[in-house]
């Protein structure tokens, strides 16, 4: 059987480049692309070594572990043992994740494979038939994309869920509970009272209103007709002006609550030194939270100010 070493080498270089790019992205390392390609070239050298020198030390388990460290050093350099080991483990994790996905799909398609005595997964046809190589060429980028996408989403979700807190708000002696999100971008403060503004969406806020009152309040906001605010709420609602993201002037209806409490790491923050801004709409598509908490209020003491 003919072995096209150059084809296998180029394909391996391509795959190693993608693995190192994903390692760079997930580790949030700032290195140039030429370092990625240099590391991929070093990694691809294992192909001719394995074929031309099958008894080489680098084809053994310990040799491959050492070679992985060399690949990481060639790509990312050395700053500390801790950083080096994290990058090596991340490189292995990504390789196993993508490789495992490809093997699972290949097995699902009922292609036979076996484990060689050396512990390397091989296909019965030796170095692979055109179909198996085409499967790798097409399947690897797809597996790479979904792995990166899922890891990015997991990171975003972890950051978001770490900033979610149980919230209880009391207005007119009625208390309702929801989930709040500490939004570092929410720096809205009432220019007159200097109170932090917590923004709550329509789904949560309309619980304090009758349907008629809510529709009237919503229409009043749309038409900017303050005189049409429901009579029972005229003394409680105030208007807060602010600059929008685009720089345009806008305004917000806000209510001073009797009490707002946030459970933060088993410590309850209780205050009434805030304003509840009303968002006529939703804050998030998945409905995971209904309040945007002001980051400054998370520093309040766990007591009600006088």
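A few points about this structure:
- Placing R0 at 25 angstrom, the Cβ-Cβ distance between residue 173 and residue 211 gives a FRET efficiency of 0.80 after rounding to 0.05.
- Alpha-carbon centroids, region 167-213 and region 64-80: separation in whole Å: 52
- Approximate spin-label separation residue 83-residue 238, in nm, with each point projected 7 Å along Cα-to-Cβ: 5.0
- Sorted by Cβ neighbour density within 10 Å, fewest at the top, the residues 21, 205, 53: 53, 21, 205
- Ranked by the mean number of other Cβ atoms within 10 Å of their residues, highest first, the peptides 166-172, 218-224, 251-257 fall in the order 251-257, 166-172, 218-224.
- Per-residue Cβ neighbour counts within 10 Å put 294, 273 in the sequence 273, 294, beginning with the fewest.
- Spin-label model, residue 285 to residue 13: label points 7 Å out along the Cα-to-beta-carbon direction sit 4.0 nm apart.
- Here the calculated FRET efficiency for residue 37 and residue 61, from their Cβ-Cβ distance with R0 = 30 Å, stands at 0.65, rounded to the nearest 0.05.
- Prolate/oblate/rounded call for region 26-86, Cα gyration tensor, a/c under 1.5 rounded: oblate
- Likely footprinting exposure, 261, 17, fewest C-beta neighbours within 10 Å first: 17, 261
- Tensor-based shape of region 183-293 (alpha-carbon gyration tensor, a/c under 1.5 rounded, otherwise prolate or oblate): rounded
Read the figures in this text as sums done on the coordinates, not as results from a lab. Keep in mind it's a predicted model, so treat the numbers as computed, not measured. No Cβ is skipped: glycine too gets one built from the backbone with ideal geometry, and neighbour counts run over all protein chains shown.
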